[in-house]
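What follows is one structure encoded as structure tokens, with my remarks underneath.
FYI, it's all coordinate maths here, none of it is from the lab. A quick note: this is a predicted structure, and the numbers were derived from the prediction, not measured. Positions of Cβ are backbone-derived with ideal geometry, glycine not excepted, and every protein chain shown enters the neighbour counts.
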């Protein structure tokens, strides 16, 4: 992001900001963040059962007409006074019990949340569960059953780069707006305010602007395949680079948020750097793939399993390189090209208490190390 900033697309009326600045658009204008480096039925556990039933592609008109009743506007008040500036975001109906899915940053620090449906009727909402690590939140309204039109949950794992998609939300407070575009890339790593990055994120060129946060990203069969969460921009408005949390993540996290109010993420306890061509040359590696472990957190799963971090450095042409640490080449039989592969595997397939097998290069030899995943500590 040499000349761009990451913007959370949540509210209207945010001021212009400089590059490399994170703005939570659902917060008051003065709330600026520092630079970032790096169902259809009544059951609450029916995400897996609601994969889109459409077998053919729909037109954008058909997608909008079918989905619009299930998309809501989320107004947030922060502080006790009605005069306190809040924000505007989006959300969508998850089930007939009144659960609404939106972004965690939309409802963060909210003293009052109001959900407005397509016909203009509004209801006060209760915050049921929040997961800042994936920017997901569940709120609930006691609304007229006739208003609750749950969106079908599509399978984001089937998305392809270049596939047409559509987004519905409330950009700049303009309720029920639809934009369309394509999937620009998959498996992106998105920095978040939690101190950890969100893995496996969808990149799209569909216009996503402040107020779109929490709204659905839909495939051409009308299935929700992502939740719009952020844009990358120098101005705070759409420049063709938007991001959405994939429905795979929703399917894994949301049922637990509804049941327990929180989700416990698995954690390894290492930091390091991806192997690039220069480092591969220094370390006499054949290929520039893998992840070099530099630091192993004390009392972490990695520490308990005996992973080794770098204990020395070498300087080549004025550049200092860490040496001596384990190089992770695979995880549960999946090749590791960079840290993204480890994080995506953790997000998709692993839970606290699971075992995970790492293929590690150490002192010129490969070995397998089994670690037992623990709960991720607070990153703030």
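Its Kirkwood hydrodynamic radius, worked out from the mean inverse distance over all distinct Cα pairs, puts segment 266-375 at 14.0 Å.
When you count the other C-beta atoms within 10 angstrom of each residue and take the mean per peptide, 166-174, 89-97, 336-344 line up highest first as 89-97, 166-174, 336-344. Counting other Cβ atoms within 10 Å as a rough exposure proxy, the listed residues 208, 100 run 100, 208 from fewest neighbours to most.
Arranged from fewest to most other beta-carbon atoms within 10 Å of their beta carbon, 323, 224 become 323, 224. When only alpha carbons are used to place a centre, segment 158-224 and segment 88-119 end up 17 Å from one another. Computed extension length for residue 164-residue 335: 58.7 nm, one decimal, from 0.36 nm per residue of separation with the Cα-Cα distance subtracted.
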